[in-house]
1. Counting only heavy atoms of protein chains, what accessible area per residue, in Å², does the chain have with a probe of 1.4 Å?
2. Give me the dipole magnitude in Debye, nearest 20, for the chain about the Cα centre, with unit charges on the beta carbon: positive for Lys and Arg, negative for Asp and Glu.
3. Suppose the chain between Ala53 and Trp96 were pulled fully straight at 0.36 nm per residue; how much longer would it get relative to their current alpha carbon spacing?
4. Can you find, among His49, Tyr59, Met32, the residue farthest towards the positive end of the dipole of the range 12-60? Put +1 on the C-beta of Lys and Arg, -1 on that of Asp and Glu.
5. Could you work out how much longer the chain between Lys126 and Leu63 gets when fully extended? Use 0.36 nm per residue separation minus the Cα distance between them, nm to one decimal.
6. How large is ³J(HN,Hα), in whole Hz, for each residue of the range 67-74 in order, when computed from phi with the Karplus curve 6.51 cos²θ - 1.76 cosθ + 1.60 and θ = phi - 60°, using x for Gly and Pro?
7. Under 8 Å for C-alpha pairs, at least 6 residues apart: give me the relative contact order for the chain, rounded to a whole percent.
8. Based on a Kirkwood Rh over C-alpha pairs, give the Stokes-Einstein translational diffusion coefficient of the chain at 10 °C and viscosity 1.306 mPa s in µm²/s.
Amino acid sequence: MKRQSTLIKMYFLLVYADHMIDEKELLAGKKMAQYERIDENSLQSEIAHLKRADRALLYKEVLQGMKQLCITDQVRFVAWLSIIANADGFMDEREWQLIYRLYSKDLKLSLADIMLKQKELKEYIKAQGSGVKAKA
């Protein structure tokens, strides 16, 4: 499974977890796509396709894809999920359950590592907003 496809599926599952699409979460997703070098048209096309997919099967595909990645990528991807979930100022319980299940129960990733990566990614987003390009 492709790295980008795994990330897009994770993003989709998160954004649609609470059945409320928030503009701030979508904007954070665009920042994620820029950072991860995902073409916006590809992102939108795959999301349109995923709307018809079974969510339980998607989660299994995400987990399988994540297990094929190095720990550094796994941590970064989960950090992105947390940033996106908090972009609207509130992490819905269903968003939290998805993130927790993925990082703690299924992948057994370090929360400290995820928090550190979140901080780095937030600095990237802040630099993007100010017009200063941060190194990706």
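The values are calculated or read from the model by the stated rules, or taken from the named source; none is laboratory data. Keep in mind the model is a prediction, meaning the values are calculated, not measured. Here the Cβ is made from the backbone with ideal geometry for all residues, glycine too, and neighbour counts use every protein chain on show. Please note that ligands, DNA and RNA were not included when accessible areas were found on the heavy atoms of the full protein model with its side chains. Shrake-Rupley method; radii C 1.70, N 1.55, O 1.52, S 1.80 Å.
1. On the way: 7790 Å² over 136 residues.
Per-residue accessible area for the chain comes out at 57 Å².
2. Details: 23 positive and 19 negative charges, 92 e Å.
Around 440 debye, computed over the chain.
3. Details: separation 43, 0.36 × 43 = 15.48 nm, distance 2.13 nm.
Roughly 13.3 nm would be gained on extension.
4. The residue sitting most towards the positive pole is Tyr59.
5. Numbers: separation 63, 0.36 × 63 = 22.68 nm, distance 2.96 nm.
Answer, rounded to one decimal: 19.7 nm.
6. Karplus-based 3J(HN,Hα) across the range 67-74 equals 5, 7, 8, 6, 4, 4, 5, 4 Hz.
7. Details: 113 pairs, mean separation 42.4, N = 136.
Normalised by residue count, the contact order of the chain is 31 percent.
8. Values: Rh = 14.9 Å.
Estimated via Stokes-Einstein, D reaches 106 µm²/s.
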